[in-house]
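Accompanying notes for the structure given below.
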Amino acid sequence: MKKLITLFAIVGMLAFQGCTGPEGPPGPPGEDGLIAEVFELKNINFTFSSTNGYTVYQKLTPNIFVSDVVLIYRLSGTIDSNTPIWQLIPRTLYLTQGELDYDFDFSKEDFTIFARGTYNIATTPQYINNQTFRIVILPGSFSASLNVSNYADVMSALNFKETQVQKINF
């Protein structure tokens with residue numbers, strides 16, 4: 001009886017080892033096939049319209065997935081020439097003139113950044129001209145576990161280097 005069980009065990013092991021097939025095609029690059037992108041928009045001047053106020057509009061090429069999330073950070077200053085300070089928007093700035101709000105919306109095709117205030121923001125052109133923004137496109141499932149308020153944490157989690165940020169000048 002022991003010989004019969006041993007024989008079945010050996011035949012079973014050989015049968016399971018033969019259950020291999022060809023390797024499937026490789027997945028897209030990124031963490032578990034997830035692709036993130038980071039863009040920098042430099043020298044941005046908001047444009048004014050009576051309908052929308054001060055805005056920056058940009059198409060996304062190619063379109064992003066419906067499940068993707070867009071984060072936008074504004075360069076608010078620097079500590080030194082190698083250390084920028086990025087603030088996640090929406091953001092309210094409390095100035096002596098009043099409140100200035102940066103906000104944005106996005107779709108899978110485009111995004112718009114808004115600058116609105118409780119005062120005439122044309123009187124503070126340093127907040128609507130020559131601005132720099134970082135646009136981070138994250139797969140929706142990835143963004144749930146991320147502290148998005150800290151730009152450095154986002155870049156670290158994505159394993160992105162400064163050299164990988166795509167620069168777009170207006």
**Fill in**
Picking from Tyr102, Tyr127, the residue that is of a type in the set (Phe, Trp, Tyr), touching a Ser or Thr at 6+ places or on another chain (Cβ under 9 Å) and within 26 Å of Gly53 (Cβ to Cβ) would be Tyr102
**Selection within segment 58-83 - of a type outside the set (Gly, Ala, Ser) and free of Cβ contacts under 8 Å to residues at least 24 places away in the same chain** = Thr61, Pro62, Thr78, Ile79, Asp80, Asn82, Thr83
**Asked** Asp68: modelled with pLDDT under 95 and either surrounded by fewer than 19 Cβ atoms within 10 Å (Cβ to Cβ) or within 21 Å of Lys167 (Cα to Cα) (or both), yes or no?
**Response** yes
**Fill in**
Within segment 100-156, residues being buried (at least 19 other Cβ atoms within 10 Å of the Cβ), free of Cβ contacts under 8 Å to residues at least 40 places away in the same chain and in a loop (DSSP other than H, G, I, E, B) number 0
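The values are calculated or read from the model by the stated rules, or taken from the named source; none is laboratory data. Bear in mind that the values here come from a model prediction, so they are computed numbers and not experimental data. Quick reminder, even Gly has a Cβ in these numbers, built from the backbone with ideal geometry, and neighbours come from all protein chains shown.
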